[in-house]
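Every number in this text was worked out from the coordinates using simple rules, so none of it is lab data. Not measured: the values here are computed from a predicted model. Note: ideal-geometry Cβ built from the backbone for every residue, glycine included; neighbour counts use all protein chains shown.
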Amino acid sequence: MRKALLLACFILFRLSCLAQDSTAHSIPLKKVKLYGGIGYTTGLFVLSQAWYAENGFENFKFFNDNAEWLQVDKFGHTYSTYHFSRINYQLLRRTELSDEKALIWGSLLSTALFLPIEILDGFSPDYGFSYGDMVANAAGSGLFYAQQKLWDEQRIKPKFSFRTTNYPGLRPEILGKSLPEQLLKDYNGQSYWFSIDLHAFDQSGHWPKWLNLAVGYGAEGMVFSRNSENSLAGFNNYRQLFLGIDFDLSYIPTSSRFLKTVLFLADMIRLPAPTLELSNGSLKGHWLYY
């Protein structure tokens, strides 16, 4: 939740820059550094006051949370830093930096800027420094960098979808009381996807540009974070694997900067579409799954 909120602040800042000026190499790098530094410092201060100030700090410690929430949260970290890298790159390449430097710095910063949050977690009595989170963060940045370096485009995009579940009513303080809280806290309703641009891989050019293959992951039955806790409470938590179609909105042509921004944001979300689900040892189909 904390990291998602900070990411949202960065996204709004960077997208506002992109929407205001679409001319390549037109944004001074000093301006990016200044406003980026102010936004980042402000975000850290707000987060420290909202989540850490009440309980204070203690000695630094590590925390292994890799077994929690059937790793759905780790997919969230990878998703976040991927799109953070994507936005950073698009912004930095509008400065005087070369595309190569924009790619390197955009990817590195996406992981590095989450490091102070993990350090704050390390000093918090309620959390701890999670090396698993940092590995997941690096994976997101690495996925963006590798594709841009190899293909000069993004052929496999992480996407997110959410649906409400009944689980928050059982533990609202952990899984969320309101819809905005549940969007960030209820991992039962979150699904993470890898949308594969088959048209980009199709040498014949016959595959429709707008139609992608989506491979997804999610989990349900998680009232508590760990398997043993759920079992003791009588809940059966399980993983979900998905296979379906997706729509690539980046191929929609438009000269409107506003619509470009909307499509850029919408391309982070997997829209409802026919999907196959493998879970609990059974295969079932959904006409529309999100």
For the table LYS149/LYS185; LYS159/LYS185; LYS30/LYS159; LYS31/LYS185; LYS157/LYS260; LYS101/LYS157, the rows whose alpha-carbon distance is greater than 27 Å are LYS149/LYS185; LYS30/LYS159; LYS31/LYS185
Order the peptides 85-93, 172-180, 156-164 from the highest to the lowest mean number of other Cβ atoms within 10 Å of their residues.
85-93, 156-164, 172-180
Give me the Å³ per residue figure for the convex hull around the C-alpha atoms of the range 43-200.
140 Å³
Rounded to 5, the percent of DSSP beta bridges in the chain classed as antiparallel:
95 percent
Separation of alpha-carbon centers, the range 65-116 and the range 169-216, rounded to whole Å
18 Å
Highest-MSF residue in the chain out of SER191, SER107, SER124 [GNM, Cα springs under 10 Å]:
SER124
Relative packing of peptides 209-218, 253-262 - highest average C-beta neighbours within 10 Å first
209-218, 253-262
Straight-line reach from LYS284: which aspartates and glutamates have a Cα under 20 Å away, not including same-chain ones fewer than 8 places off?
GLU220, ASP246
Quotient of Cα Rg and 2.2 N^0.38 Å for the range 155-290, N being how many residues it contains
1.22
Applying the span-like rule to the chain (DSSP H, Cα extent along axis at least 15 Å, Kyte-Doolittle mean at least 1.0) gives 2-20
Give the Rg/Rh ratio for the chain, taking Rg as the radius of gyration of the Cα atoms and Rh as the Kirkwood radius, to two decimals.
0.97
What does the charge count around ASN64 come to, taking other residues whose C-beta lies under 14 Å from its C-beta (Lys +1, Arg +1, Asp -1, Glu -1)?
-3
Evaluated at 4 °C with a viscosity of 1.567 mPa s, what Stokes-Einstein diffusion coefficient in µm²/s does the range 208-269 have when Rh comes from the Kirkwood expression over alpha-carbon pairs?
88 µm²/s
